[in-house]
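This report refers to the structure that appears directly beneath it.
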Amino acid sequence: MSRFAIAASILLCIFFATSAQPQQRPAIPLPVDPSIVVLSLDFRGGLAGCVAPASRGPVLLIYADGKMITRKDICGPIFESHISLDVVQDLLRYIIDDMKLMTFTTDSAWEEIRSERSKRNQRVVASVSDSGEVVVHIHTATMEHEAAFEGLSFYLAENPGAHSLVQLNAVANRIDQLAKETNSHFLATFDSSILQANEYLRQNFPDLPGVSGRNRTRTISADGNRWVNEFRYNLIDGGSVLVTVATTGIENPEVTVTATPK
């Protein structure tokens, strides 16, 4: 084989090897301020309200530094953890680049619903009352947008060809799945924390009541290994008690009790 043929073969190998490698997708620029929420998922209104409105909140919040706050439901206790910025980027690329959610508007979604109904000659307009609103909020360094729709599951089932509803539903399901997966790890430490807290109270503070699931205010994990469960309740005299259980497993927990007098 001639030198020219060998050189050509090498160049072809390099070309195909390079073209076969997946291209790196550009990063979504994030806000410099770590306290800015870059992504949130909320379910507003509907029949599932909170007894105390101040206790409700989005089921998921992701901050610019990767801090993530989730809830089992909109009225539940807070679970606080961190995810890598690579995971944040993958999620934002899916929402912004793949699902094109930054172009979602309620008006365009309704236009698609009317078009779907027109195709099937639907004259009776179906509607839904007391339905919650799905709200996805995105905030990057260069753009901010909120996609919201009331009665999403109902109108999507009625109009599966409404592309905007399909996109919003896919995004909400992906975010909600991340929240549920995160919460499952937190819940695994919950029962043992209650037992540990009550045993510590029995031995060291026998005059104080024990804790239960109703008293939990939040669960924190910075790295997925060390877990902190916080429980708080009020005393009859007007004071309050904060019980914190920090552990890396079910053995040798660090329990602290802070009693705040009236």
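The values are calculated or read from the model by the stated rules, or taken from the named source; none is laboratory data. Just so you know, these numbers come straight off a predicted model, no measurement behind them. When we count neighbours, we look across all protein chains shown, and the Cβ atoms used for this are built from the backbone with ideal geometry, even at glycine. Accessible surface areas use protein heavy atoms only, side chains included; no ligands, DNA or RNA. Shrake-Rupley method; radii C 1.70, N 1.55, O 1.52, S 1.80 Å.
Between residue 235 and residue 166, what FRET efficiency comes out of the Förster formula 1/(1 + (r/R0)^6) with R0 = 35 Å and r the beta carbon distance, rounded to 0.05?
The formula returns an efficiency of 0.10 here.
In what order, largest first, do 78, 62 sit by accessible area if the probe radius is 1.4 Å?
Reading off the accessible areas and sorting them downward yields 78, 62.
Determine the order of 83, 236, 95 by accessible area, beginning with the largest, at a probe radius of 1.4 Å. If you can, show how the numbers build up before the last one.
Details: 83 35, 236 180, 95 0 Å².
Highest to lowest solvent-accessible surface, that is 236, 83, 95.
Just reorder 185, 82 by solvent-accessible area, largest first, 1.4 Å probe, all chains present.
Output order, biggest surface exposure first: 185, 82.
Using 0.36 nm per residue, how much length does the chain from residue 100 to residue 24 gain when fully extended, once their Cα-Cα distance is taken away?
Between residue 100 and residue 24, full extension yields an extra 25.5 nm.
Provide the FRET efficiency to the nearest 0.05 for the residue 212-residue 150 pair, computing r from the beta carbons and using R0 = 51 Å.
After rounding to 0.05, the efficiency reads 0.90.
So, R0 is 45 Å and r is the distance between the beta-carbons of residue 205 and residue 176; what FRET efficiency does that work out to, to 0.05?
My answer for the efficiency is 0.70.
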